[in-house]
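Enquirer: Below you'll find the structure I mean.
The values are calculated or read from the model by the stated rules, or taken from the named source; none is laboratory data. None of these values were measured; they are calculated from a predicted model. Heads up: the accessible areas ignore ligands, DNA and RNA and are worked out on the full protein's heavy atoms, side chains in. Shrake-Rupley method; radii C 1.70, N 1.55, O 1.52, S 1.80 Å.
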Amino acid sequence: GETLTAIGALYSVDWREIASINNIPNPDLIAAGRILQIPDADAVALVTISSIDELTAADLDPVFDSWAAQADVPVELLKAVAWQESRWDVAAVGLQGEIGIGQLLPEIHAFVESDLAGRPLAAGDPADSVEAMARYLGWLLSETQGDTSATLASYHQGLVSQRNIGWNDDTVRYIASVVAFRPEFVDRSAG
């Protein structure tokens, strides 16, 4: 059940680097029991961090705008969730292995790749990372019939959990925080 994406996130290494160093032509086919070499995470992280330091909001704005439109997600909601999750840091890795700008759990990222995008998405690539979270938010909005609060609760706590158990206190705080950030990302030139 392991994926190169999850292994890469665990070691803070792009999955493509792992595929390359191990001569894996098809990252979807890895033999059980195979031992993988992991590139030097520190060297990779230095490259990643230097490229991320050069990213600005202006660089990411067109990516957010494009994927928000394609996933039918309000752009200010997409940006606010990304800000809440990672402060738009594509190299961020959460305590539970969350990856990318949207801090998706590896199993959620894999779901987005297989069921929503139909192709691999590199969590360490800003465009792919925004695409993954936009597609997931769009799917959640559909699953919650457009209820923004239920969508945010599902993003933070899980769709099944928020439906069956209700929102925990941490989720209520999460929703309030995203809602508070949202006006900061409204395009004032559109009005």
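Enquirer: Can you send over the carbon and sulfur percentage of the accessible area for the range 91-134, probe radius 1.4 Å, protein chains only?
Expert: 55 percent
Enquirer: For 86, 12, what's the largest-to-smallest order of accessible area, 1.4 Å probe?
Expert: Result, largest first: 12, 86.
Enquirer: ³J(HN,Hα) across the range 82-90 via Karplus (A = 6.51, B = -1.76, C = 1.60, θ = phi - 60°), whole Hz, x for Gly/Pro?
Expert: So the J values, rounded to whole Hz, are 4, 5, 4, 6, 9, 6, 6, 8, 5.
Enquirer: Let me ask another. Suppose all protein chains stay in the model; what accessible area per residue would a 1.4 Å probe give for the range 57-191, in Å²?
Expert: 47 Å²
Enquirer: Turning to a different aspect of this structure: Using the Karplus equation 6.51 cos²θ - 1.76 cosθ + 1.60 (θ = phi - 60°), what ³J(HN,Hα) coupling, rounded to whole Hz, does each residue of the range 116-126 give in order, writing x for Gly and Pro?
Expert: The phi angles translate into 10, 9, x, 6, x, 10, 7, 4, x, 9, x Hz.
Enquirer: If you rank 182, 16 by how much accessible surface each has, with a 1.4 Å probe, what is the order from largest down?
Expert: I get 16, 182, largest accessible area first.
Enquirer: For the range 89-144, what is the Kirkwood estimate of the hydrodynamic radius, computed as the reciprocal of the mean inverse distance between distinct Cα atoms, to one decimal in Å?
Expert: It is 10.9 Å.
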